[in-house]
Amino acid sequence: MFKKILIANRGEIACRVIRTARQMGIGTVAVYSEADRDALHTRMADESLLIGPAPSAESYLVIDRLVDACKRTGAEAVHPGYGFVSENPDFCRALDAAGIAFIGPGPDAMAAMGDKIASKRLAKEAKVSTVPGSPDAISDVDEAVAVATDIGFPVMLKASAGGGGKGMRVARSADEVRDGLKATQAEAKSSFGDDRVFIEKFIEQPRHIEIQILADTFGNTLYLFERECSIQRRHQKVIEEAPSPFLDARTRAAMGAQAVGLAKAVKYRSAGTVEFIVDRNRNFYFLEMNTRLQVEHPVTELITGLDLVEWMIRIAAGEELPFTQDELRIQGWAMESRIYAEDPVRGFLPSIGRLTRFRAPEDDRNTRVDTGVFEGGDISMYYDPMVAKLITRGLDRADAIRNMGFGLDSFYLRGIRHNVGFLSAVMNHPRFRAGDLSTNFIAEEFADGFQGAQLDDTALGRVVAVAAALHRLTAERNRKISGQTSGHVAPLSDDWVVRIDRRNWAVSLTPIEGGFDVIVEGRPHPVIPHRDRDHFWQVGQPLFDGIVDGHRMVVQIDSTGIGYRLQHAGAELDVLILTPRAAELADHMPIKVPPDLSRFLLSPMPGLLVSLSVSPGQTVVPGQELAVVEAMKMLNVLRAEDDGVVAALHAAPGESLAVDQKILEFEQ
């Protein structure tokens, strides 16, 4: 077994690998860029080494520096995590030349499966079901239109070297093929250094289901069941689960057998994933093979009891798998939610900045948090905006969803915008709970974007009851402080009006054992704060965790000076608690109208202004490109919403933009 390994990655996956290596008694070396000097993975590892500036092209992607780091620290092997050099055959060969083991597949298998065009050809030869499409890269627009017309619309334009949802566009007409090819090629070149694009048939209402495989060097290749990854936004996975609520035993076995067959055909070793598109009739088609550890691997670990990182290390060290396919069993259900630094209300645009508060749910038998950040740390513009992965387990799917709901409500993040509320809204969506999934789920169910979840009257009544109980406890504390300092003890009121979005709820409270019986509009809601380490919830703590109406409930609490901002199940509510007389007067208060900024084009995210496509005095029409902003390695095209004339430019290409910074102004 190796004595020391180097992790050629950063963030949560680097921390994940370090944890397993530590459990195995293996020393670890972290590498870091200048932007990651104080990152969590550098603190967790036994050793850490600077390898370059912040841009990944000058640090995490520089093969020579990674190999040199191994030599300088005496690392015997490298775990690449995912992304960066994890699927780079040249990196494998460079390590081999230096006598350093690569914890992953061999370079030949990686090269064969890393190219989508070559892998599709190999899949056909291995008798794996494939989607109809172009056998080679598209050379020009005319060929693209001809191929797409022959296949039949809709089609998918895909970067050959793509991954992570980048370099993919759906085209439903010849015009969309013409427009999309250039953009797909540019994005592919920018993200992967390879502008080859191919076309394949787009399957309507598809599910994205993948098979996890594990193979050693002794000829043993197994499949560790499937993961359902259909909840995606812009082809980027958001929520994953294992097993799939859609597959039956027959389809599972057939998909597993084809995945194993493909892995054997390329003499694969280590952990890998064969991804399939599955239609409504359970017909499945090969999509691609990821020759690395997947972001969503924890759900497989929770339902199999296997540590995939451990087995990757053991296989690389020459060990044989000690179990057979027949010995593997699905144990319960697991869910994973990817928590990103992004603003769902603003079209999921990236959010960067400092994590002023970071409080994750505690790990236990049914909850796991994989992260690479900490309170006070920064979310950088240079890398992927993932903050953490929340993984929950249950006896069945409903139980896993319920545990995920508690976990999301308990994930307390401040300082950045994030997608926790959106994830909660998905978890509570009737269609998701029914398992009626497709890769179009988010586009269909949140077609108008996300403006926060809407609670029904029962859930809203419970939030009102919690707010009243919290306010009463706050009043009790203030009363005690006032009595201690002035000797005067103010009377406590039991009758209040809770005001949310100009709607008033009359409440009254009666103390009961452990809490309060809160009457909301004539309906009782017993509120019992959870006892934790022999004390009740205390004023000032950011999370209320208790029993309301006999059900466990977690509510996030922020003081707004004169009121509270409460978050629960994806809803964010501004709450005022008033006396009945104050509530009457509040109904007469005018509503503050926000300023009209419609004549400005504002930057919707922090990022780099790559280009401006207009000049002062120019007339624009709806849909016309105005500017391109780069953020989190993605190019975002800003287009005109109405007819207008450009009056002035307020920013120049190459300038770093803040959120809502003025880019240009239109004539009024």
For the stretch 316-352, enumerate the residues that are basic (Lys, Arg), closer than 23 Å to residue 299 by Cα and surrounded by 14 or more Cβ atoms within 10 Å (Cβ to Cβ).
-> 338
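Condition check ((1) of a type outside the set (Asp, Glu); (2) part of a loop (DSSP other than H, G, I, E, B); (3) closer than 23 Å to residue 206 by Cβ; (4) at pLDDT 95 or above) across all residues:
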residue	(1), (2), (3), (4)
275	no, no, yes, yes
280	yes, yes, yes, no
287	yes, no, yes, no
295	yes, yes, yes, yes
301	no, no, no, yes
310	no, no, no, yes
320	no, yes, no, yes
329	yes, yes, no, yes
Can you pull out the residues in the stretch 102-134 that are free of Cβ contacts under 8 Å to residues at least 60 places away in the same chain and either over 15 Å from residue 161 (Cβ atoms) or among the hydrophobic types (A, V, I, L, M, F, W, C) (or both)?
-> 107, 111, 118, 121, 124
Out of all the residues in the stretch 600-643, which are farther than 22 Å from residue 188 by Cβ, within 23 Å of the chain's Cα centre (by Cα) and without any contact (Cβ under 8 Å) to a residue 40 or more places away in the chain?
-> none
For residues that are crowded, with 22+ Cβ neighbours inside 10 Å, part of a loop (DSSP other than H, G, I, E, B) and not hydrophobic (A, V, I, L, M, F, W, C), tally how many sit in the stretch 89-116.
-> 2
Positions within the stretch 176-200 being farther than 11 Å from residue 161 by Cα and among the β-branched types (Val, Ile, Thr), in sequence order | 177, 184, 199
Subset of the stretch 630-665 [under 18 Å from residue 598 (Cβ atoms), part of a strand (DSSP E or B) and not basic (Lys, Arg)] = 638, 644, 645, 646, 647, 648, 649, 663, 664, 665
Members of the stretch 523-558 that are at pLDDT below 90, part of a strand (DSSP E or B) and in contact with a helix residue (DSSP H, G or I) (Cβ under 9 Å, 6 or more places away or on another chain) = 529
Looking only at the stretch 484-513, and only at residues there that are modelled with pLDDT under 60 and either small (Gly, Ala, Ser) or assigned to a strand (DSSP E or B) (or both), the one that is nearest to residue 527 (Cα to Cα) | 490
Residue count, the stretch 611-629, condition part of a strand (DSSP E or B) and surrounded by 17 or more Cβ atoms within 10 Å (Cβ to Cβ), comes to 6
Determine which member of the set 365, 346, 359 is free of Cβ contacts under 8 Å to residues at least 40 places away in the same chain and not aliphatic (A, V, I, L, M).
-> 365
Which members of the stretch 253-273 meet the condition of being touching a Ser or Thr at 6+ places or on another chain (Cβ under 8 Å), surrounded by 18 or more Cβ atoms within 10 Å (Cβ to Cβ) and not in a strand (DSSP E or B)?
-> 258, 260, 263, 268, 269
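Could you pull out the residue among 61, 50 that is assigned by TED's automatic domain parsing to the domain that holds residue 34, surrounded by fewer than 20 Cβ atoms within 10 Å (Cβ to Cβ) and more than 21 Å from residue 27 (Cβ to Cβ)?
On the way: 50 fails: more than 21 Å from residue 27 (Cβ to Cβ).
On inspection, the qualifying residue turns out to be 61.
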Of the residues in the stretch 191-221 that are hydrophobic (A, V, I, L, M, F, W, C) and part of a loop (DSSP other than H, G, I, E, B), the one that is farthest from residue 441 (Cα to Cα) is 218
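Can you find a residue that is in contact with a Phe, Trp or Tyr (Cβ under 9 Å, 6 or more places away or on another chain), closer than 26 Å to residue 418 by Cβ, of a type outside the set (Gly, Ala, Ser) and not assigned by TED's automatic domain parsing to the domain that holds residue 141 anywhere in the stretch 222-230? Steps first, please.
The initial filter retains those residues of the stretch 222-230 that are in contact with a Phe, Trp or Tyr (Cβ under 9 Å, 6 or more places away or on another chain), namely 222, 226, 228, 230.
Pick out the ones that are also closer than 26 Å to residue 418 by Cβ and you get 228, 230.
Now restrict to residues that are of a type outside the set (Gly, Ala, Ser): 228.
Checking which are not assigned by TED's automatic domain parsing to the domain that holds residue 141 leaves us with 228.
For the stretch 222-230, residues in contact with a Phe, Trp or Tyr (Cβ under 9 Å, 6 or more places away or on another chain), closer than 26 Å to residue 418 by Cβ, of a type outside the set (Gly, Ala, Ser) and not assigned by TED's automatic domain parsing to the domain that holds residue 141: present.
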Restricted to the stretch 155-190, and to residues that are at positive phi and not in a strand (DSSP E or B), which residue is surrounded by the fewest Cβ atoms within 10 Å (Cβ to Cβ)?
-> 165
From the list 609, 638, 602, 626, pick out the single residue that is over 27 Å from residue 168 (Cβ atoms) and modelled with pLDDT of 90 or more.
-> 602
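For the stretch 60-105, what are the residues that are of a type in the set (Asp, Glu) and more than 20 Å from residue 193 (Cα to Cα)? Full working, then the answer.
Taking the stretch 60-105 first, the residues of a type in the set (Asp, Glu) are 64, 68, 76, 87, 90, 96.
Result: 68, 76, 96.
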Candidates 447, 425, 453 - the one that is free of Cβ contacts under 8 Å to residues at least 40 places away in the same chain, among the hydrophobic types (A, V, I, L, M, F, W, C) and either surrounded by fewer than 23 Cβ atoms within 10 Å (Cβ to Cβ) or not assigned by TED's automatic domain parsing to the domain that holds residue 558 (or both) | 447
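The values are calculated or read from the model by the stated rules, or taken from the named source; none is laboratory data. Worth saying up front: this structure is predicted, and the values here are computed from it rather than measured. Cβ coordinates were reconstructed from backbone atoms using ideal geometry, including for glycine residues, and neighbour counts include every protein chain displayed.
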